[in-house]
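Colleague: Here it is: the structure, laid out below.
The values are calculated or read from the model by the stated rules, or taken from the named source; none is laboratory data. Predicted model only: the values in this text are computed from it and were never measured. Cβ coordinates were reconstructed from backbone atoms using ideal geometry, including for glycine residues, and neighbour counts include every protein chain displayed. The protein model used for the area step is the full one, side chains on, heavy atoms only, and it has no ligands, DNA or RNA in it. Shrake-Rupley method; radii C 1.70, N 1.55, O 1.52, S 1.80 Å.
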Amino acid sequence: MEKVFESERITFVKATMDLIPDYLEMVNDIENVAKHISDRLEPYTLEEETKYMQDKLDSGATMYSMIEKSTGKFIGNTEFFDRKGDDAEWGIAITGSMQNKGYGTEALRRMIDYGFNDLGLERIRLVVFVANERAFHVYQECGFKEYHRNKVDIFMDIRKEGGTE
């Protein structure tokens, strides 16, 4: 696995086909993961996940797998997508067994730094389901501000200090 950067407890590596079994287990965990990242509630097949990952790799997606430094265990994936100039949307998925350990907050803080300082972003956006109150509060703690809401989603963003509005 090719290390790209790290935080205190996480090594961020390029997404790889070698981790497809971990990815598939994560996205098919309906109760702990899938219901927070998609409205699709049926399992993905190996073929679907393989095609999805191949498309991501072929497109040069800014997607990273997170690995726990102390154990080498897979934590989840994080990605900047829908990039338009200096603006991008951010997303994260953490496998059920690695939730409630502070990895989401740590990853978000590191990805904000990476996005602003390494990728040259001026604005980072995200969308969180209204029902995912815990994630909403984490995003607020990390500096994200709500700019729109509907019955299903909350739209939030953070801008680089000194960046343009």
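Colleague: Considering only protein heavy atoms, what per residue accessible area in square angstrom results for segment 7-165 with a 1.4 angstrom probe?
Modeller: Roughly 53 Å² per residue, with all protein chains present.
Colleague: Right, next: Under 5 Å between amide H atoms, partner at least 5 residues away or on a different chain: which partners does ASP29 have, H built in plane at 1.01 Å?
Modeller: Sorted by chain and number, the residues that satisfy this are ALA34.
Colleague: Out of segment 75-110, which chymotrypsin sites (Phe, Trp or Tyr not before Pro) are coil in DSSP terms and have no more than 10 other C-beta atoms within 10 Å?
Modeller: Of the chymotrypsin sites (Phe, Trp or Tyr not before Pro), not one in the loops of segment 75-110 has a Cβ with at most 10 other Cβ atoms within 10 Å.
Colleague: Karplus couplings for segment 79-92 from phi (6.51 cos²θ - 1.76 cosθ + 1.60, θ = phi - 60°), rounded to Hz, Gly and Pro as x?
Modeller: In residue order, the calculated couplings are 7, 9, 9, 6, 6, 9, x, 9, 10, 8, 8, 10, x, 8 Hz.
Colleague: Ok, one more. Please report, to one decimal in angstroms, the Kirkwood hydrodynamic radius of the chain built from all distinct Cα-Cα pairs.
Modeller: Numbers: mean 1/r = 0.0612 Å⁻¹.
When all Cα pairs of the chain are included, the Kirkwood radius is 16.3 Å.
Colleague: So if we plug the beta-carbon distance of GLU161 and ARG83 into 1/(1 + (r/R0)^6) with R0 = 22 Å, what FRET efficiency do we get, rounded to 0.05?
Modeller: The value I calculate is 0.65.
Colleague: Right, here's the next one. Counting only protein heavy atoms, what percent of the accessible surface of the chain is carbon or sulfur at a 1.4 Å probe?
Modeller: 48
Colleague: Putting +1 on Lys and Arg Cβ atoms and -1 on Asp and Glu Cβ atoms, find which of SER59, ALA34, TYR23 reaches farthest to the positive end of the dipole of segment 22-63.
Modeller: SER59
Colleague: Pairs LYS101/LYS151; LYS14/LYS145; LYS14/LYS151; LYS35/LYS73; LYS56/LYS160; LYS51/LYS145: which are spaced more than 32 Å apart, C-alpha to C-alpha? Walk me through the numbers on the way to the answer.
Modeller: Working: LYS101/LYS151 29 Å; LYS14/LYS145 29 Å; LYS14/LYS151 35 Å; LYS35/LYS73 23 Å; LYS56/LYS160 26 Å; LYS51/LYS145 34 Å.
As for pairs spanning more than 32 Å Cα to Cα, those are LYS14/LYS151; LYS51/LYS145.
Colleague: Would you compute, from DSSP H runs of 4+ residues alone, the mean residue ellipticity of the chain at 222 nm, taking -39500 (n - 2.57) per run and dividing by the full residue count, rounded to the nearest 500? Could you put the intermediate results ahead of the total?
Modeller: Numbers: 4 runs with 46 residues, N = 165.
That comes out to -8500 deg cm²/dmol.
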